[in-house]
Amino acid sequence: MARRFTPTEEKELRPLLESGAPIPIAEVRRILGLAEMPHAHLLAEDTWLLGGRVLRWLSGEMRDGQDEGDYDLYCGSVAAFERTTRRMLDSGYSPCRRRAPASLWQALTGMAQGRDGHERCTSDEVRNMSREELLRLRRFADGSEMYVLQFHSPEGHVLSVVHLPSLFLEGVPLHNQIAFTDLSICQFTLDDRYLHAGPHSWEDLLQRRVRVVKMARPPRTAQRLLKYAARGFWPYPSTVGTVYGAWLSEALGQRGPRG
């Protein structure tokens, strides 16, 4: 469960938020009493940690040994992607070749049987695979592509290193790029010096609320809203209406007109 910020913490944060500029990470850590983000040494001006992981850090959900979920690093260019992945391979990070279950039933069956989704990662097959063989290419319905490499850190964390050529264009300001995330509180982004945020991110974090910013897949966004509500971030009524309406419209459209 996400913690509540104290009046003192809010009072110190407010002047930094008023300008709308990125906040130095050192200041955020000082005010909120946060430890350094794990794997921060991999970040750079063109390599960012984005999404739910940063939210967990800010809201105190990584304390007391809690460390659920992956770390998602986004690279702003092919050069940054190459540099980051090679640095990881050279510094003790090992390839991850987790196979996603083909269906929900397969996932539930695997859990019931105690299967480890990372069993294959320690095999000689994966250790001997080339970087090119480990690279995953995902294509979306609109024709865009995403390149992904996954790693296990020496501490046992799972990290995904991502490059989206159509989205993260060289020379485009970061605040334009992070707007692709669907929920306001998931727009927090770290580089090597600053914490960046979307237009509603801080307001919603401090009030423990969440709103939809951009919704590509209504069913997935609806599931994510439920997940964040369970962690203490309640959606605005207008957000619930927007997501429900989009989901219903999509469902009716897939069903098609009745003859």
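The values are calculated or read from the model by the stated rules, or taken from the named source; none is laboratory data. Remember, predicted model here, so these are calculated numbers, not experimental data. Ligands, DNA and RNA are excluded from the accessible area calculation, which covers all protein heavy atoms including side chains. Shrake-Rupley method; radii C 1.70, N 1.55, O 1.52, S 1.80 Å.
Numbers at a glance
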{"read-out": "Candidate residues ARG56, ARG217, ARG209, ARG14: accessible-area rank, largest first, probe 1.4 Å", "value": "ARG217, ARG14, ARG209, ARG56"}
{"read-out": "Cα gyration tensor category, rounded, prolate or oblate, for the stretch 202-245 with a/c compared to 1.5", "value": "prolate"}
{"read-out": "Alpha-carbon Rg with Dmax, taken over the stretch 1-58, Å", "value": "12.3, 34"}
{"read-out": "Residue-normalised accessible area of the stretch 19-82, expressed per residue, 1.4 Å probe, Å²", "value": "41"}
